[in-house]
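The values are calculated or read from the model by the stated rules, or taken from the named source; none is laboratory data. What you see is a predicted model, and the numbers here were worked out from it, not measured in a lab. When we count neighbours, we look across all protein chains shown, and the Cβ atoms used for this are built from the backbone with ideal geometry, even at glycine.
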Amino acid sequence: MSSGLKRILLILGLLTISALIAWGIFTLFFKATPPPTTVGGTRPGAAPGQLPGAGERVPGAGEATPSGGAEGGLPTAGAIPGATPSYFTPEPVTQLNADAAVFSSLAASGDFRYHNAQDGKFYRVGDAGQTTALSDQVFYNVQNVTWAKTGNKAVLEYPDSSKILYNFDLKKQITLPKHWQDFSFSPDSTEVAAKSLGLSPENRWLVVAKDDGTGTKLIEPLGDNGDRVTVDWSPSRQTVALSRTGAPQGADRVEVLFVGLNGENFKSTVVEGLNFQPQWSPTGKKLLYSVDSARSDFKPELWVVNSYGDDIGSNRQTLRLNTWANKCSFGDDNTLFCAVPRDLPQGAGMSPAIADTLPDDMYKIDLKTGLTTNVPLGNNFHINSISYDAKKNKVLFTDPNKQGVFQVNL
């Protein structure tokens, strides 16, 4: 073979080897390996097996174009990619326990106290919602309970007319006369007022005694008018009872007298109806009450009036709500929370038991502006006791048809 031909073959071999090396480098570093086929199909507008291009989205892969945003852009404020925005709404009412709670009351300390009809003990619900026994003492067949406003003490009444004053803090019991009725503690809870109903009219008195049962004082004679007197000590201590024995007013109107401890000649007020049921504001400067009359189809109707000093009887106004005063709780002197029965029938004011199974709506009432606001409950409740806890800004209540203590999250 000539030397020229050998030179040509050598050059061709070198070129072939270079081309093969170049193809191997290109294949190793630059040519993309096709991805595995996606289960469930391919994205619209793309060839099978290709990755999405920049700015494109894959439906169902946890990304979504936010409302008002460009394709592939960041989500707008408040939007959660891949889901319709949703908001957590807490339940308006919380059940704190499942006790058979009766005879409940809110203490000045903020403790919600009640009697458990199942085990016969008294309990309190603390600031954190925990339930603890006031005492290991068991009290069965309790018929009525009157709580002190401060301190853990109460008057307990039994079916045989026995009455005791029990101090849960001291675990001390005082026996009260059987002929005493309708108890009310003083604002500082060191005294208790009652009706002492002897056999003869001349032996029937409004009385006050110390919380150890001593130092009984006769305040006013009751005679035959005991059933027209409501023993209810005001927070201001000015008034110890309210008496519907004023001058005749005609029709359903009644003059109510404010009875003090020392025979004071206080002003009176006139109420527009019968079946008077009162409740003091926290300072005692206002009196909430319910009455019924032909004007309201004999349904209970709420009113409020000034009730302290020279202002007694002034600024009397109706709240235009058909419920009883004991189904309300003051937040402060100008705020009320009331449970109002739905579809209250005519004549319910004369027979409150008619409403025992009716569901209630709850309202917050601003006494300055007259504004009434619905407080959602989220369920049907019949509320038979209600208390506002200013420390926690909560409403606590019980339902005779449901076991437990319930808390309204305002």
Exercise. Quick check: anything in region 296-310 aromatic (Phe, Trp, Tyr) and closer than 10 Å to residue 272 by Cα?
Worked result: yes
For this session: Considering each residue of region 99-123, count those that are surrounded by fewer than 21 Cβ atoms within 10 Å (Cβ to Cβ) and either assigned to a loop (DSSP other than H, G, I, E, B) or charged (D, E, K, R) (or both), and give that number.
Result: 12
Exercise. Only one of (1) touching a helix residue (DSSP H, G or I) at 6+ places or on another chain (Cβ under 9 Å); (2) crowded, with 20+ Cβ neighbours inside 10 Å; (3) closer than 28 Å to residue 243 by Cβ is not met by residue 319, so which one is it?
Worked result: (1)
For this session: Filter region 351-371 for residues that are more than 19 Å from residue 383 (Cα to Cα) and surrounded by 13 or more Cβ atoms within 10 Å (Cβ to Cβ) and give the result.
Result: 366, 367
Exercise. Residue 392 versus (1) under 20 Å from residue 275 (Cα atoms); (2) in contact (Cβ under 8 Å) with a residue 60 or more places away in the chain; (3) among the charged types (D, E, K, R): which is the lone unmet condition?
Worked result: (1)
Seminar exercise, completed: Subset of region 334-376, residues of a type in the set (Ser, Thr, Tyr) and touching a strand residue (DSSP E or B) at 6+ places or on another chain (Cβ under 7 Å), comes to 335, 363, 372, 373
Problem set entry | Residues that are more than 18 Å from residue 218 (Cβ to Cβ) and in contact with a strand residue (DSSP E or B) (Cβ under 6 Å, 6 or more places away or on another chain), drawn from region 250-263 | 252, 253, 254, 255, 256
Exercise. Among the residues of region 236-259, which ones are surrounded by fewer than 17 Cβ atoms within 10 Å (Cβ to Cβ) and within 23 Å of residue 150 (Cα to Cα)?
Worked result: 236, 237
Exercise. Tally time: how many residues in region 200-220 are assigned to a strand (DSSP E or B), surrounded by 13 or more Cβ atoms within 10 Å (Cβ to Cβ) and either of a type outside the set (Asp, Glu) or within 38 Å of the chain's Cα centre (by Cα) (or both)?
Worked result: 9
Exercise. Which of the residues belonging to region 381-399 are part of a loop (DSSP other than H, G, I, E, B) and either modelled with pLDDT of 95 or more or in contact with a Gly (Cβ under 6 Å, 6 or more places away or on another chain) (or both)?
Worked result: 382, 383, 391
Seminar exercise, completed: Within region 143-173, residues being farther than 20 Å from residue 219 by Cβ and assigned to a strand (DSSP E or B) number 12
Seminar exercise, completed: Going through region 393-409 in order, the residues found to be under 16 Å from residue 356 (Cβ atoms) and under 10 Å from the mean Cα position of the chain (by Cα) are 397, 398
